[in-house]
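The structure appears right after this line, and notes come after that.
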Amino acid sequence: MNTVTLILIALVALVGVVIALFVYRRIPKKLNNEKFQDDWKELQNFCRDKTTWSQAVIDADKLLDKALRRRKFKGKRMGERMVSAQRMISNNDQLWFAHNLAKKVIADPAMKLKEADVKLALIGFRQALKDLGALKPSEAASTAPVEEVQK
């Protein structure tokens, strides 16, 4: 073999490795259900007191964004990632309500939240996390936020 053939083989091999790495990086990662379940349970502790409901909604929003990022949905902002994931989400309207509520709470931390809005938002976040595979369906159902929110 001459040097031109060896160089050509090396270039093909290098291009193959680069393509393989690029494809590998684009494959969605499997989510760690235990970590997300622990984070969800921790978030539910905020539901016990009316003064920390806003923190529960914000943390649920952050948890969903973490799941979207780990699943490698495209977008610079969370809203763009939610649009990318909309085919996987079973109730997009409820999820958008929840995300918009979280944005309002971040903009106005003194905002008074209604119990029904908090429940609806947390149910939407929980369902989206289940749809993305971050929460196991059976475990997520047993830790419903509706049971945790106190008047």
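Readers should treat all values here as calculations from the given coordinates under stated rules, not as data from a laboratory. Please read all numbers here as calculations on a predicted model, not as lab measurements. We place every Cβ from the backbone using ideal geometry, glycine too, and count neighbours over all the protein chains shown.
Quick look at the values:
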item: Surrounding net charge for ASP131, when Lys and Arg each add one and Asp and Glu each subtract one, Cβ distance under 11 Å; result: +4
item: Zero-based 5 Å bins, Cα pair distances in the stretch 32-148, whole percents; result: 2, 13, 25, 26, 20, 10, 3, 0
item: Burial ranking of peptide ranges 58-65, 120-127 (average Cβ count within 10 Å, highest at the top); result: 120-127, 58-65
item: Exposure proxy ranking, count of Cβ atoms within 10 Å, fewest first, for SER90, SER84; result: SER90, SER84
item: Difference of contour (0.36 nm per residue) and Cα-Cα distance, LYS74 to ALA110; result: 9.7 nm
item: Two-site FRET efficiency, ASP49 against ARG87, from Cβ-Cβ distance with R₀ of 25 Å, rounded to 0.05; result: 0.10
